[in-house]
Amino acid sequence: MPTVSDLPTPSAKPPAFRGPPAQAVSDLPMPASRATSISDLPAPVARGGISDLPAPRAPKGIVDLPTPKAGGIVDLPTPKAGGIVDLPTPKTGISDVPAPKGFFDDLPQPNAGGRTGAPTKNPDLPAPKGFFDDLPGRVNANKPEVPAPKGFFDDLPGRVNAQKAAASSAAEVPAPKGFFDDLPGRPSPSNAPQPPAPKGFFDDLPQPSASKAAPVQKPSNTPVDLNLDGGPALDLGIVSEGSQARRFDDLDLSQPSTGIKIETPKPSAERAHTPLVQPLPSFGKQKNQTQPLELAEPRDLPSTASQKLGIKQKEPAKPFDPDAARARAKRVRILTLVGLFVIALGSGGFYMYRRWSAKRAVESTITDELAKAKDALGKSDRGHWDRAAAAARAVLEVDPKNSEALSIAAEGGFAAALATGDSYTVKIGQARKFLVQAVNENLAGPGLIRAQALNAITNSTGDRAVELLKPMLTPETKDPALFLYSGWGYATSSDPATAIKQFDQAATIGTEYIKISALYGRAQAKLEQADLDGATADFKAVYELDKEHIGAQVGLAAAMPASKSQEQEKELLALFERKDFAGGDPRAVVKAWTLAAEAAKRGNRLDVARERYRNALAILPDDLGSLSGAADVELRDGKLDAASDQIAKALLISKDDVRSQLVQSEISIAKRDLSDAAARIDALAKRNPPPPRIDQARIKMAAGNLASAQSNDEAAADAYSQAAELAGDTDLAPTLAAVGKLSTLADKATSENDAEKATLLRARATKLLEKLEANAEKDPSIALALGMAYLRTSDATKAEPWLRKFVEARPDDAEGQFQLAKALARLDRADDALTRLNRAIELAPKRAEIPIELALTYERAKQDDKANEVYTKLLADFKDNASIELRARAGRFYSRRGEKEKAGEQGEAISKVAPNHAAGQFLKAEGLLHKNQIDEARLLYGKAAAVERDALYFDGLGRANEAKALASNEVKYQQLAIDAYRTASSLDDKLLNAWSGLGRVYMMRKDHALALPALDKAHKLDEKNAAVAFLIGTVYYSQKDADPTAASTAVTWLVLTNRLEPGGNATAWHYLGVLYSDMPTKAREAAAAFDVATTMALAEDRKSGKLPPWYAESQYLRGRVHKANGNISAARDAWEKFLGQTPPIGQRRKEAEQALATSLKGP
């Protein structure tokens, strides 16, 4: 329900009350007689007029009395214990602040008896205890209050400053005209009736009782109906301005009273003219005394019949005093400035406090979290680096430039990533961010140096890490983490010998996970030194301490000797089947894929190796071992450009990586860039400290290949022998290479009759093989490894007996059957190879590479139908899980067979998985060209050829440009086609279409002299190819007029064409008819040739709706030949069909029309 505080501001012109109600107001408490004082309710100004209390409306009933405004104080905030701290200084113009809704709800209210005039049982109902404790100026017994500042209330309505008496006598400026027009019940200036206040609007107002002497009843919220229709004018008893007694300059605000009691006022005639609004009581505290709060009685006014409720005339205002107004305005300005200053001072103090508090909080956070970070960094459990980094990051959130926090955050992130591999990429990225920030801020310190060293390790620049950490390692150093970091640095800089020493120190003084990390690092370093037994022992120690250590399990597989390659691959494949494996340390997972790829590469399963390297690079795209290994696969597959692209990526990451440099040197040897290869190999051999033992073996192997390319067989044999000694059991390839080269030298010595030298060379070869072959005789696994090593050197003859020995010992081993089948296929024993491959598929049906090899063997054996069956079954079995290599092999097969649409489907499938895969782009282009989307096909062929210089890709590009040349007749596309075909034939001189395509484009350009050599090369590649024979015949046919011998040669090739092509070639028959018709003795052959040609042309027309361009000519010549041979009906049929083609007007048309009208006229 609305209360007094919700009423609108009174209008500018104050109305006067016509008179009091007939009944006295007995429910409102009056202040007792005491010295004038003020509390927190405003009093009206003692002037001749009412400035802020509205008069009741003329209609009956009190409708709404608004809260006093314009200078009145409605509700001051409660003072706090420390004094009046948060009371704002009064401002000029503080007005219209209504009391909150319900503010007066707890005031004592008249009960039912008060309304009827019945006496109440409790005439002196006091206010509840503590009701006024929070009033401004009210002193709480337990909370002494500070008195209001002097002059604090000078601007209160009616308040006259004692020091400015002169100003107080000045006449008050009346409220502006219309100020009270909006009061409820107030007639508008136009005298239009105003709507009454809503019913019950004033229910909570104190109401007058039925009689003057009625006692106070219990409070009630029931509304009181007042009859204000008549009665004397309401005199509010406003004191005059000259009455100093009614002013408030001498109010005592220093001591609030306690124990307030509300007493029922008693009306008397003597107080008839007592104003209704009296000065409020002083709350000065008197010892042991309770001050009652009394309400004045209503005055007894004359009740003449002539008096009506109306507006009392305002006393005339005194003349306006300008000096007083200026003084008052000045006072208001001063008070405003003081108030603003106090507010600003309070706000500034609060702001400073908040800053101080925030600063203390930041300092506390920095101190606490930095202590946590340092403590965690000094621990040795698995997660201590992560905890240290997290605490340091908390410091950096409030102090981004804290050098200690930056160094710990960077070191913790790098170390956690290197030690555990968890979230490797994310942690490395965060740590580098903090390190860069520290460098940009020019910060320094030991912690940052450690972080920089770890960053160098992650960037594969171990030399830099060693340089940074070396000054910190002294004989007094007892920090195991520092030795661990140093070990990582030396291992990354290809100095495993020194790394092992550093790891020894870390493992000795370190505990928990630092010790595990040191043992693991030492095991890897021993593996690089070809110390397989030592590496195995350390990997087992790590596994005993941490059963979930993925790296240790991969390491145990890596430490297996080359003779146990098959067991190693099985162990790795078993790891891949574990559900938790893929989510382990990414470096260990990548290492496992790389080892599995190496195993496949040793078995000459290059497609499988390529797929496994691709899996590794999908996890860590910058892994140097995977990049160099993938490049080596392409090198072995003869794809030098693809190999160069891969190794370029590796060298861009680390130009000093030993294995990447070795692969690049092998590529240079293959490209006959021997000077580049020699420079690289020489630089690697002179490194100090020397690279790991395994890498030294690889360097010697590369040196042997270089010497062999330089035709220096003796130097090559020496290099291979040294490589074999360094590699030991880790790799058998150097041993076999040395044996092969020594055997070659021995044969050469024998041919030169140097028996002594030959004997020495064979003795060296025997010594190298003696131990290996002896072990192979006893151990089938070594026999398998030896046979695979011979296959790797392309010596299938020596590989076959060792592989057969293994298969005889283990007939149910799929790998043995598979390797033996490959050896047999290279020895052109296809039937035996196919038998072995089918047996291998039975033993290992899930290994996709075995049926792929079966399909390839069928292709080499010219059994395309069976190859097609294998590819179709494989694609159906694997469906969406088919590997890229399987789809690439099948797609190339379909393309070669002319099934371009199926080839395109495989290209689309590959592109979804690997959009930039060269085989996928090539096959997709095949499908597009088949759909005559020439430009799109040209683009994809070009992309594939740019990625990988494959002969098929350039051949496809040639076909696309040839089709574009035919469609546009533009010479530039002819030249582009010629260039592409030349490149394709240079990459693969046995590629049939490259040669035949080159011949076709030269024929298009009428360059028959260049066309014939290309077509002749194509015919030699496939003498049963009808298309090539037809092209050759066409070239000679076009030269029949210039070369008398060309006609007979053309006849030979065209006859061969029709013999090779089932059903014959219609165009070839037409050309034969033309050639025979020019030969006097070949009239019958000519007629027969034309008959076949035209019959085939009509059949094609019924099928496709197209006739060949030579059809009309062929019918004309057919008619002539048959007419000359006396076959009238055949001649008539031919010329009728000729005229049916609407030939142009000329000699031929005229001849046919005349003959048909005369000699050939039918019955």
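If the requirement is being within 21 Å of TRP1110 (Cα to Cα), touching a Gly at 6+ places or on another chain (Cβ under 9 Å), surrounded by fewer than 23 Cβ atoms within 10 Å (Cβ to Cβ) and of a type in the set (A, V, I, L, M, F, W, C), which of these qualifies: VAL1074, VAL1055, VAL1028?
Every option except VAL1055 fails the conditions.
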Those residues that are assigned to a helix (DSSP H, G or I) and hydroxyl-bearing (Ser, Thr, Tyr), I need them from the stretch 1109-1163; list them, please.
TYR1111, SER1114, TYR1116, SER1129
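Of the residues LYS1161, LYS1103, which single one is under 60 Å from the mean Cα position of the chain (by Cα) and farther than 30 Å from HIS1019 by Cα?
Values: LYS1161 fails: under 60 Å from the mean Cα position of the chain (by Cα).
On inspection, the qualifying residue turns out to be LYS1103.
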Looking only at the stretch 498-534, which residues are of a type in the set (Gly, Ala, Ser), farther than 26 Å from LYS564 by Cβ and surrounded by fewer than 24 Cβ atoms within 10 Å (Cβ to Cβ)?
GLY510
For the stretch 1106-1131, enumerate the residues that are surrounded by fewer than 16 Cβ atoms within 10 Å (Cβ to Cβ) and either at pLDDT 95 or above or within 15 Å of GLN1141 (Cβ to Cβ) (or both).
LYS1106, LEU1107, PRO1109
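Go through the stretch 878-901 and give me each residue that's more than 13 Å from ILE852 (Cα to Cα) and under 35 Å from the mean Cα position of the chain (by Cα). Can you show your working first?
Taking the stretch 878-901 and keeping what is more than 13 Å from ILE852 (Cα to Cα), we get 879-881, 894-901.
Residues satisfying the conditions are LYS879, ASP880, ASN881.
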Can you find even one residue in the stretch 579-595 that is within 22 Å of THR793 (Cα to Cα), without any contact (Cβ under 8 Å) to a residue 24 or more places away in the chain and within 28 Å of the chain's Cα centre (by Cα)?
no
State whether the residues of the stretch 1081-1095 include one that is in a loop (DSSP other than H, G, I, E, B), at pLDDT below 95 and of a type in the set (Asp, Glu).
no
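Yes/no matrix, rows are residues, columns are (1) in contact with a Pro (Cβ under 9 Å, 6 or more places away or on another chain); (2) under 24 Å from ASP637 (Cα atoms); (3) of a type in the set (D, E, K, R):
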| residue | (1), (2), (3) |
| --- | --- |
| LYS866 | no, no, yes |
| ILE884 | no, yes, no |
| ILE910 | no, yes, no |
| ALA919 | no, yes, no |
| LEU928 | no, no, no |
Selection from the stretch 421-431 of residues modelled with pLDDT of 90 or more, surrounded by fewer than 24 Cβ atoms within 10 Å (Cβ to Cβ) and under 25 Å from ALA506 (Cα atoms) yields LYS427, ILE428
Check every one of the helices (runs of 4 or more DSSP H) wholly within the stretch 485-564 and list those with 2 or more residues that are β-branched (Val, Ile, Thr), closer than 30 Å to LYS655 by Cα and in the same structural domain as GLU411 (by TED's automatic domain parsing).
none
Looking at the structure I just gave you, is ASP368 more than 26 Å from the chain's Cα centre (by Cα) and touching a residue at least 60 places away in the same chain (Cβ under 8 Å)?
no
Condition met for SER751 (within 26 Å of ILE667 (Cβ to Cβ), at pLDDT below 90, exposed (fewer than 15 other Cβ atoms within 10 Å of the Cβ) and not hydrophobic (A, V, I, L, M, F, W, C))
no
Where SER708 falls short, out of the listed (1) farther than 23 Å from SER493 by Cβ; (2) not aliphatic (A, V, I, L, M); (3) not in a helix (DSSP H, G or I):
(3)
Give the number of residues within the stretch 625-646 that are touching a residue at least 40 places away in the same chain (Cβ under 8 Å) and under 31 Å from the mean Cα position of the chain (by Cα).
2
Among the residues of the stretch 355-367, are any surrounded by fewer than 13 Cβ atoms within 10 Å (Cβ to Cβ), modelled with pLDDT of 80 or more and not small (Gly, Ala, Ser)?
yes
Residues located in the stretch 855-873, provided they are among the hydrophobic types (A, V, I, L, M, F, W, C), in a helix (DSSP H, G or I) and within 18 Å of LEU827 (Cα to Cα):
ALA855, LEU856
So which residues in the stretch 450-471 are free of Cβ contacts under 8 Å to residues at least 24 places away in the same chain and hydrophobic (A, V, I, L, M, F, W, C), if there are any at all?
LEU468, LEU469
Check whether at least one residue in the stretch 406-415 is in the same structural domain as LEU377 (by TED's automatic domain parsing), within 29 Å of ILE366 (Cβ to Cβ), buried (at least 24 other Cβ atoms within 10 Å of the Cβ) and among the hydroxyl-bearing types (Ser, Thr, Tyr), and report yes or no.
yes
Could you list, in sequence order, all residues of the stretch 816-848 that are at pLDDT below 90 and crowded, with 19+ Cβ neighbours inside 10 Å?
ALA848
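Each row is one residue, and each column tells you yes or no for (1) out of contact with any Lys or Arg (no Cβ under 8 Å at 6 or more places or on another chain); (2) among the charged types (D, E, K, R); (3) surrounded by fewer than 22 Cβ atoms within 10 Å (Cβ to Cβ); (4) at negative phi.
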position: ALA960; (1), (2), (3), (4): no, no, no, yes
position: LYS990; (1), (2), (3), (4): yes, yes, yes, yes
position: ALA1014; (1), (2), (3), (4): yes, no, no, yes
position: ASP1022; (1), (2), (3), (4): yes, yes, yes, yes
position: GLY1033; (1), (2), (3), (4): yes, no, no, yes
Among (1) surrounded by fewer than 20 Cβ atoms within 10 Å (Cβ to Cβ); (2) closer than 20 Å to LEU929 by Cα; (3) touching a residue at least 24 places away in the same chain (Cβ under 8 Å), there is one condition GLY997 misses while meeting the rest; what is its number?
(1)
Return the residues of the stretch 878-887 that are of a type outside the set (Val, Ile, Thr), surrounded by fewer than 22 Cβ atoms within 10 Å (Cβ to Cβ) and touching a helix residue (DSSP H, G or I) at 6+ places or on another chain (Cβ under 9 Å); say none if nothing qualifies.
PHE878, ASP880, ALA882, SER883, GLU885
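The values are calculated or read from the model by the stated rules, or taken from the named source; none is laboratory data. For clarity, every value in this text was computed on a predicted model and none was experimentally measured. Because the Cβ atoms are built from the backbone with ideal geometry, glycine has one as well, and the counts that use them run over all protein chains shown.
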